[in-house]
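Worksheet: the structure to be examined is printed underneath.
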Amino acid sequence: MVEAFDGIIKFNPWLLSLDAILIVYFLFSWYRQYKKTNAYIDYWHFNLFLVFFIPILIMYPFSSSILNVWAVWGPSNLYTIEKATNEAYIVTIIGFTAAYLGKYIYDNFRPFTALEGIIVLFSSTLGRYFVAVTENSKVSRVFTISYIFLLLGFVIFIFLAGLVKNPREFFMLNPQYGPIYTFILSTFDVVFIMTSTRVLQYRANMDKFLLSTLILLGLFLGVRAPLILEGLSFGVLYVIYRKKGYVPIVKILGIVFATLILVMALAFIRNSSNGYDLNLDTALQSFLPEIFYGNTFSDIRDFSWVLGYWNREHYWGLSYLAAFLSFIPSSVYSIRDTYGIGKITVNTAGLDATTHPGLRMGMFGEMYLNFGIIGVIIFGFAWGYIQRRLDILTKKYADQGNVIKASSVIIYSAFISYLTVSAGFWGFYITIFLLVSLYLITRLRLSK
């Protein structure tokens, strides 16, 4: 490994060269798409930007830098990370290469029967249920308002209990209340997509008010992903539907910068609950270090951390089994306490499983621990195929003026994402439960 710029970056020269080539290729691919369609934004490049371009390609040379020493609790862990960084990077690149192959197969040889059968199962159920519920103003609004009151009660509770900076830690230390927090987080995604889709489709003031309220209360969830990711996804759908994928590049850069500021601000608030005195000056000084050496874009570093301590015995699907059985309470069947992917990562790295939710290993870390490189390739292919299908269909339905159907593709295609980090699989069950329940209510109302 070569260290440069007083330890700011550390890298393998050959892999850094490959990294530079892949960065250029990604940008060229995006530019070629723009010249072909006159659209700056599409879901394929948007998703790859979030899970590949930033956390993998941009962050690789920073992942084992000496400046990570505080984030990984000392030089011993950092040394272990350094030894495994190149392996983590190569495994991830192989996974995304398979994803590009999946895209190529979709573009040139679809349908791929093995995958289409699974996709149709979800599109004919979750997709159809989402469309029916979202089109029904009374059911969707009553559901949204009910959730807002629940979320408001949650926010009042964390304020009164002094937990506003980091409510997640409270629920980790008190697992008996964990299902309540999980339900609130998982339901937020469904409500946000449903309400934001109605805003785009119908432009009703009531829906705009409900969405604004959701965004405001969502700032206090204690985790950044639901609000940030759903907000960005809404922005992409807005641009595809209203602007045909075109928005001035200056505005895109402004949105990216504003999102970074929001992400870092939420991170600083959470860190201040851990005993750090983070005033405005400290926050400004640590803005860039938090981006490159913090825990927001740490996929390669955290994957390396787990690999460095891993005993090389594959789990052969046990972490996924634990996720699939997550509806069973741990007091009845404790498989999650042993084989949940969050527990696996923190126990492997020697962290405190009572307060740490798990290390972020990126798209292919869990699949690699379970099934090795073959699992990474198969999953990467499936992910790429499904993401390209999502990309094509969202454009098609948005061009037809049917935003609700475009959003339904996002809903039913999400099943593949739960296999990247199976710890969130309980959220998939909640999505199914909510959509089925609301769909039945919709059918009952129509039958009267």
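Observations on the structure shown:
- Residue in region 263-274 that is hydrophobic (A, V, I, L, M, F, W, C), at pLDDT below 60, surrounded by 11 or more Cβ atoms within 10 Å (Cβ to Cβ) and at negative phi present: no
- Residues that are without any contact (Cβ under 8 Å) to a residue 40 or more places away in the chain, more than 30 Å from Ile410 (Cα to Cα) and part of a helix (DSSP H, G or I) within region 1-58 comprise Pro13, Trp14, Ser17, Ala20, Ile21, listed in sequence order.
- All positions within region 112-143 that are over 26 Å from the mean Cα position of the chain (by Cα) and among the hydroxyl-bearing types (Ser, Thr, Tyr): Thr113, Ser137
- Of Gly231, Gly222, all but one fail to be surrounded by 21 or more Cβ atoms within 10 Å (Cβ to Cβ) and either touching a His at 6+ places or on another chain (Cβ under 8 Å) or of a type in the set (Gly, Ala, Ser) (or both); the exception is Gly222.
- Against the conditions (1) in contact with a Lys or Arg (Cβ under 9 Å, 6 or more places away or on another chain); (2) part of a helix (DSSP H, G or I), Ser233 satisfies every one except (1).
- The single condition among (1) in contact with a helix residue (DSSP H, G or I) (Cβ under 6 Å, 6 or more places away or on another chain); (2) in contact (Cβ under 8 Å) with a residue 40 or more places away in the chain; (3) part of a helix (DSSP H, G or I) that Leu227 does not satisfy is (2).
- Checked against (1) surrounded by fewer than 17 Cβ atoms within 10 Å (Cβ to Cβ); (2) without any contact (Cβ under 8 Å) to a residue 24 or more places away in the chain; (3) within 30 Å of Ile374 (Cβ to Cβ), Pro75 passes all but a single condition, namely (3).
- Residue check, Leu351 within 23 Å of Asn174 (Cα to Cα), at pLDDT 80 or above and surrounded by fewer than 21 Cβ atoms within 10 Å (Cβ to Cβ): yes
- In region 405-439, the residues that are more than 21 Å from the chain's Cα centre (by Cα) and crowded, with 20+ Cβ neighbours inside 10 Å: Lys405, Leu438, Tyr439
- Any hit, region 98-111, residues being crowded, with 16+ Cβ neighbours inside 10 Å, under 21 Å from the mean Cα position of the chain (by Cα) and not in a helix (DSSP H, G or I): no
- Within region 317-344, considering residues that are small (Gly, Ala, Ser) and part of a helix (DSSP H, G or I), the one nearest to the chain's Cα centre (by Cα): Gly342
Yes/no matrix, rows are residues, columns are (1) under 25 Å from Ile58 (Cα atoms); (2) at pLDDT 90 or above; (3) touching a Pro at 6+ places or on another chain (Cβ under 7 Å):
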{"site": "Asp281", "(1), (2), (3)": "no, no, no"}
{"site": "Asp299", "(1), (2), (3)": "yes, yes, yes"}
{"site": "Gly308", "(1), (2), (3)": "yes, yes, no"}
{"site": "Asn311", "(1), (2), (3)": "no, yes, no"}
{"site": "Gly317", "(1), (2), (3)": "no, yes, no"}
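The values are calculated or read from the model by the stated rules, or taken from the named source; none is laboratory data. Being a predicted model, the structure only gives us computed values, none of them experimental. Reconstructed Cβ throughout: ideal geometry from the backbone, glycine too, with neighbour counts over all protein chains shown.
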